[in-house]
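Asker: Below is one structure. I have some questions about it.
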Number of protein chains: 2
Amino acid sequence: MLPAPRFTAFNPPRRILMGPGPSDVYPEVLAAQSRPTVGHLDPLFVGMMDELKSLIQYAFQTKNEMTMAVSAPGSAGMETCFVNLVEPGEKVIVCRNGVFGERMRQNVERMGAIAVLVDNEWGTPVDPAAVEAALKANPDAKFLAFVHAETSTGALSDAKTLCALAKQYGCLSIVDAVTSLGGVELRVDEWGIDAIYSGSQKCLSCVPGLSPVSFSPAAVEKLKNRKTPVQSWFLDQSLVMAYWTSAGGKRSYHHTAPVNALYALHESLRLLAEEGLENAWQRHHEMHLVLRAGLEKLGLNFVVAEDYRLPQLNTVYIPEGVDDAAVRTRLLKDYNLEIGAGLGALAGKAWRIGLMGFGARRENVALCLKALEEVLN
Amino acid sequence: MLPAPRFTAFNPPRRILMGPGPSDVYPEVLAAQSRPTVGHLDPLFVGMMDELKSLIQYAFQTKNEMTMAVSAPGSAGMETCFVNLVEPGEKVIVCRNGVFGERMRQNVERMGAIAVLVDNEWGTPVDPAAVEAALKANPDAKFLAFVHAETSTGALSDAKTLCALAKQYGCLSIVDAVTSLGGVELRVDEWGIDAIYSGSQKCLSCVPGLSPVSFSPAAVEKLKNRKTPVQSWFLDQSLVMAYWTSAGGKRSYHHTAPVNALYALHESLRLLAEEGLENAWQRHHEMHLVLRAGLEKLGLNFVVAEDYRLPQLNTVYIPEGVDDAAVRTRLLKDYNLEIGAGLGALAGKAWRIGLMGFGARRENVALCLKALEEVLN
């Protein structure tokens, strides 16, 4: 026998999470998650899942029947949208203005579909004119895919305009709302979004590991008319929906649901519904204004122009001569405060300060500003 | 705006989970899971991940470097093994003696590989002679895939013999250990298993949602020599390992880890290491003997012959004239006791009584036997 390792229980400190996610989790969500595990086909549990579905619909502002939480993180939500809708050989216009647009390209190409790239500079939003040019130049494109809120830069794209363009040119839209959901305006039905995915660990302030997704009737139609099977058994939404729908009174087992994580998501979305979506959007905006004023006072410059700056993800340039890692380490060690490093093209050049969900509070903003002031001076 | 639904917090009852999983979760695991969320790149968190990796290695009895937990349930663990190792057009011998062997076939075929089926009757183990015949008849086969402990029937297959056969005929072995890990003898290195996956929610008594996996050096070699990219970005183990390895001191972000669920897995494996694997196997065996004696006294007959019966999953025929659903509903409503329904070919014909991990205790066995006695009489 290989010997048994001996470790003590892991006791993490109470960090204040102001990076790009995971965000500070509501205490109520942590409590909900630790309630006793029940079976994934327990009638009480499937009742909770019905509530959860309508809570996800509310957060997305959609009546889409095919709405659920993928039992895996946002990256799996992204993959769920692509592998269910796109078939090998089909053309997808992929907008790339940060890390997550690039990840979309990888998804599209790995599954044997064709990605037509629309590139925009990091820190800027997706340009609708460039998208329209690509749609015109590619009349055989079937999808337009873009990131609503780029977590790697903090730029917000105009999802409403982009989805209208997709519709105009006969494309289905696939939208990454990992960082936007709950933090800025997002209206799936009104804007005509066809497939959308998000993550539990950003503005929902739930534990990381789940990805709410939703598909419009047009997307469902596309899914139903596939000529090839979905390449992933685990992510095949036609199979998963048989578990998420109690139509006919019977749910079919697909995989064992992450029961406790779903308790947590239910609670976080319940808190969001209690606050009201518009109030949550407003709160993120107000906290951003306070943070912005303070950061500017410290002489820090934003990467993203004000017009399309995300309130929940503030990317600022690291001042000349300042040691990136040393500052973040001091914030973590001395203040238990986590802010995010730059990602991709912004690695070593910027910090990402998150104000997400439960994290978007005055006490967090104040702490962050004071700690930065002390560490930078 | 679509109106906000109003729900109260979900307060599940304290069930006693004696179905096929999720199993009763250790109270310590629920407590660990509700500790404060920290960042997925927090140095304290990645330290915990190093411990977690060595705990998974211990549970699997392996020194495999490529050992980790997939951030999704066991079904995703299955898919991880297939999509990373198998390339389109390659031949896999798939043993099918229950639901999960059939799921393996679906995985293989959806990814464009070829499944050669070896069928054995439900409730019996995989027959090594039939496997050897298939290996002889298919010299171009590159993989042998089978389920160690079939959760749908309760039959245990001889993984040691099957993996030796795979090696003899130049195949890599892919083994489903979702229900076996922690409940019965399993020795990855000694038996020469090349790729293995399990689930958190069976004999580990952790919350559902994670899948420990491990790849032998030969499997890693195959992965490295792929001619095509892994079809799934999310499950691409070469990318994921850059996050699970701190070699060089730097971890690369792949996806946001399910932080709190990993706390839970760390704690459940820590408890297993504390008890000792062999003691845990012995406990499952002893509890099975007590349960078996009681079930036989009640006149219930096992589906699986004694020689290859899983101690942790006891499948018994539903007596003639007894209403399957009514009995399970009464057990749940009156006793808060969950036992499992039959699955696939055994639906409506059998019950599955789990004795998994923390659930394999005298008090659970006693309750189950008394409750069944009262409900059946």
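Any read-out appearing in this document is the output of simple, stated calculations on the displayed coordinates, not a laboratory observation. The structure presented is a predicted model; accordingly, all values stated were derived computationally and were not measured. Positions of Cβ are backbone-derived with ideal geometry, glycine not excepted, and every protein chain shown enters the neighbour counts.
Asker: Considering amide H positions built from the backbone, and no H for Pro or chain starts, which residues 5 or more places from B:Asp119, or on another chain, come under 5 Å of its amide H?
Answerer: B:Arg96
Asker: Add +1 for every Lys or Arg and -1 for every Asp or Glu among the other residues with Cβ under 11 Å from the Cβ of B:Asp140, and state the total.
Answerer: After counting each charged neighbour, the total is +1.
Asker: Something else: Are there any helices in chain B, counted as whole DSSP H runs, that stretch 15 Å or more along their axis by Cα and score at least -0.5 on average by Kyte-Doolittle, and if so which?
Answerer: Going by DSSP H runs, the hits are B:43-60, B:74-85, B:259-275, B:362-376.
Asker: For B:Glu373 and A:Asn225, what is the calculated FRET efficiency with R₀ set at 51 Å and r taken between the beta-carbons, to the nearest 0.05?
Answerer: Using R0 = 51 Å, I get an efficiency of 0.45.
Asker: Follow-up. Grab the alpha carbons of chain A, take their convex hull, and tell me the volume per residue in Å³.
Answerer: Cα convex hull per residue, to the nearest whole number: 163 Å³.
Asker: Positive end of the charge dipole of the range B:27-273 (Lys, Arg +1 and Asp, Glu -1 on Cβ, about the Cα centre): tell me which of B:Val118, B:Val147, B:Met66 has its Cα farthest that way.
Answerer: Result: B:Met66.
Asker: Return the distance in nm (one decimal) between the two label points of a simple spin-label model at A:Glu286 and B:Lys136, each offset 7 Å from Cα along Cα→Cβ.
Answerer: 7.9 nm
Asker: Let me ask another. Set the Förster distance to 25 Å, then compute FRET efficiency between B:Lys63 and A:Ala9 from the Cβ-Cβ distance, nearest 0.05.
Answerer: 0.50
Asker: Something else about it: Quick one: check the C-alpha center-to-center distance for the range A:240-292 versus the range A:309-352, whole angstrom.
Answerer: Centre-to-centre (Cα) distance: 29 Å.
Asker: Can you give the local net charge around B:Met78? Use residues other than it whose beta-carbon is closer than 15 angstrom to its beta-carbon, Lys and Arg +1, Asp and Glu -1.
Answerer: -2
Asker: Can you work out the base-10 log of I(q)/I(0) for the range B:166-246 at q = 0.12 1/Å, using the Debye formula on its C-alpha atoms alone?
Answerer: With no solvent term, the Cα-only Debye profile gives -0.42.
Asker: Which net charge results for the neighbourhood of A:Tyr197, defined as the other residues with beta-carbon distances under 11 angstrom from its beta-carbon, given Lys and Arg at +1 and Asp and Glu at -1?
Answerer: Once all neighbours under 11 Å are counted, the net charge is -2.
Asker: If you plug each phi of the range A:202-214 into the Karplus form 6.51 cos²θ - 1.76 cosθ + 1.60 with θ = phi - 60°, what whole-Hz ³J(HN,Hα) values come out, in order, with x for Gly and Pro?
Answerer: Values per residue, Gly and Pro as x: 10, 6, 7, 6, 9, 5, x, x, 10, 9, x, 9, 8 Hz.
Asker: Right, here's the next one. List the distances, in nm and shortest first, from the label point of A:Leu44 to the matching label points in every other copy, placing each point 7 Å from Cα along the Cα-to-Cβ direction.
Answerer: In nanometres, ordered from closest: 3.3.
Asker: Roughly what % of DSSP beta bridges within the protein assembly as shown run antiparallel, to the nearest 5?
Answerer: Just about 50 percent of them are antiparallel.
Asker: Further question: Sort all Cα-Cα distances of the range A:1-111 into consecutive 10 angstrom bins from zero, then give the percent of pairs in each bin up to the one containing the longest distance.
Answerer: The distribution over the range A:1-111 is 9, 25, 30, 25, 10, 1, given as percents.
Asker: Something else about it: On the principal axes of its Cα set, how long, how wide and how thick is the protein assembly as shown? Give whole Å, largest value first.
Answerer: 77, 52, 49
Asker: Grab the eigenvalues of the alpha-carbon gyration tensor for the range A:225-371, scale each by 5, take roots, and send me the semi-axes largest first in whole angstrom.
Answerer: One finds semi-axes of 40, 20, 16 Å for the range A:225-371.
Asker: Given H placed on each backbone N at 1.01 Å, which residues far from B:Met66 in sequence or on other chains put an amide H within less than 5 Å of it?
Answerer: Hits under the 5 Å cutoff: B:Phe215.
Asker: While we're looking at this one, here's another question. Using the 7 Å Cα-to-Cβ label point, sort the distances from B:Leu298 to its equivalents in the other copies shortest first and give them in nm to one decimal.
Answerer: 6.3
Asker: If each label sits 7 angstrom from Cα along the C-beta direction, how far apart, in nm, is B:Lys167 from its counterparts in the other copies?
Answerer: 6.2
Asker: Summarise the partner chain shielding of B:336-346 as one whole number: the mean count of Cβ atoms from other chains within 10 Å of each residue's Cβ.
Answerer: Across the residues of B:336-346, the mean count of other-chain Cβ atoms within 10 Å is 1.
Asker: Still on this structure, please answer the following. Spin-label point model (7 Å from Cα, Cβ direction): what's the B:Lys167 to B:Ala366 distance in nm?
Answerer: It is 4.5 nm.
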